[in-house]
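First up is the structure itself, then whatever we jot down about it.
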2 protein chains.
Amino acid sequence: MEEILRQQIEKIVPLTDDEFRLVLSHFSVGNYKKHQYIVQQENPVPYVHFVVKGLLKSFYIDKSGKSHILQFAMEDWWITDNQGFYKEENATLNIDCLEDAQTYYITLENRDQLCVALLKMEFFFLQKMTAGNIALQNRILSLMSKNSEERYIQFIQLYPDLIHRIPKTLIASYLGISRETLSRLSH
Amino acid sequence: MEEILRQQIEKIVPLTDDEFRLVLSHFSVGNYKKHQYIVQQENPVPYVHFVVKGLLKSFYIDKSGKSHILQFAMEDWWITDNQGFYKEENATLNIDCLEDAQTYYITLENRDQLCVALLKMEFFFLQKMTAGNIALQNRILSLMSKNSEERYIQFIQLYPDLIHRIPKTLIASYLGISRETLSRLSH
């Protein structure tokens, strides 16, 4: 499982074996069961998680009790409540497991220490944050400018591996469309 | 005008006079007229801009010709087409000036060189990117979970200085609501 993390980092910066051991020493390993929460609304967000096995989702429950999915995360993806984690505030989001999952997780303090100990990791995190920014920007443009069908087609194109692992109800919630509309589109 | 850039950076990392001169030597100054475009859809995006005077907006024109506003940027804000700039692709967005504007702008090459020459600038850019990420995440949750009135109230609370500088039609486009709905809400 370590290799997935190493490959993820080495897509951006090369690492010697010693450097990778240093990186790894700043992370912990977590094992979670399907349906388990790893972040809960109104609670602290001590970690950012790198997924090595399984599938998770982050979602917001509005004041009427309706759930809105912000993100899915499968193998090789990062997930946390960004506002809670980076601003050290309580979570506005929930994150739970759609499948049994394993993650490498790191605290903000350890991430900052790692960046000081190994400067190229700061460049790595900057590149990942930039990629996250671009994805979020595209998500906004999609929500604002695309209709249900266009959003569904875009989802299939962007995430062909996800479509068979996620119940349709959750894909509909992610796309901001009704379950009925999604059923019509996916037949 | 230099002082606005210095203060912006020093909110995150302190700088000596020599260090600030080094920072400044990597930027250029641009002056733009109201209605002028600084980024145009389908064209390269060579710069990220830090606004020291004036007001700009980034927007996407969908295939039916409808315009959707992604972001406003006034003094002390950064603006570019993130995908175009960081991935060195052609722009999906347009950016134009709502008022005469002045910016400090930097190329990706100069930004990277600056980070190598002055390591703390990489930490600065990481912090700014993180803040941008949080803002975009909140924008998505707002679009997905809030109704027109809640979005308008949130906009006023987040950006009290903007509300009097921007035509109502553009605020409606940013919020994804009709001009008529906004008129009703703002009276």
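Please treat every number below as a calculation from the coordinates, not as lab data. Everything quoted here is computed from the prediction, not taken from an experiment. Cβ placement follows ideal geometry from the backbone for every residue including glycine, while neighbour counts extend to all protein chains displayed.
Mind giving me the nanometre distance, one decimal, between the label points for A:THR169 and B:LYS146, set 7 Å out from Cα along Cα→Cβ?
2.8
How about A:LYS57: which lysines have a C-alpha closer than 23 Å to its C-alpha, ignoring those fewer than 8 places off in the same chain?
By straight Cα distance, A:LYS57 reaches A:LYS33, A:LYS34, A:LYS66, A:LYS87, A:LYS128, A:LYS146, A:LYS168, B:LYS146.
Each residue of the stretch B:18-29 in turn: what ³J(HN,Hα) in whole Hz from Karplus with 6.51, -1.76, 1.60 and θ = phi - 60°, glycine and Pro shown as x?
Along the stretch B:18-29, the couplings run 4, 4, 5, 4, 5, 4, 4, 5, 8, 9, 10, 10 Hz.
Mind ranking B:99-108, B:4-13 by how tightly packed they are, going by the mean number of other C-beta atoms within 10 angstrom, highest first?
So the peptides B:99-108, B:4-13, ranked by packing, come out B:99-108, B:4-13.
Averaging the inverse of every distinct alpha carbon separation and then flipping it gives the Kirkwood radius. What is it for the stretch B:2-118, in angstrom units?
14.8 Å is the Kirkwood radius here.
Hey, what do the phi angles of the stretch B:50-56 turn into as Karplus ³J(HN,Hα) couplings, whole Hz, using 6.51/-1.76/1.60 and θ = phi - 60°, x for Gly and Pro?
10, 7, 10, 8, x, 8, 10
Within a 10 angstrom radius of each residue's Cβ in A:143-149, how many Cβ atoms of other chains show up on average? Whole number is fine.
Per residue, the average neighbour count from other chains is 5.
Restricting things to alpha carbons, tell me how big the protein assembly as shown is in terms of Rg and Dmax, in Å.
According to the Cα coordinates of the protein assembly as shown, Rg and Dmax are 21.2, 64 Å.
Partner chain Cβ atoms within 10 Å, averaged over the residues of B:70-83 - can you pull that number for me? List each step's numbers first, then the result.
Values: counts 5, 2, 0, 0, 0, 0, 0, 0, 0, 0, 0, 2, 8, 8.
Partner-chain Cβ atoms within 10 Å, mean over residues of B:70-83: 2.
Taking the label point 7 Å from Cα in the Cβ direction, how far apart in nm is A:ARG184 from each other copy of itself, listed shortest first?
2.4
Under unit Cβ charges (Lys, Arg +1; Asp, Glu -1), what dipole magnitude, rounded to 20 debye, does the stretch A:2-118 have relative to its Cα centre?
Here the stretch A:2-118 has a charge dipole of around 400 debye.
Residue by residue through A:117-126, how many Cβ atoms from other chains fall within 10 Å of the Cβ on average?
Neighbouring Cβ atoms belonging to other protein chains average 3 per residue here.
I need the phi-derived Karplus couplings for the stretch A:156-166: 6.51 cos²θ - 1.76 cosθ + 1.60, θ = phi - 60°, integer Hz, Gly and Pro marked x.
4, 5, 6, 10, x, 6, 7, 4, 8, 9, 10
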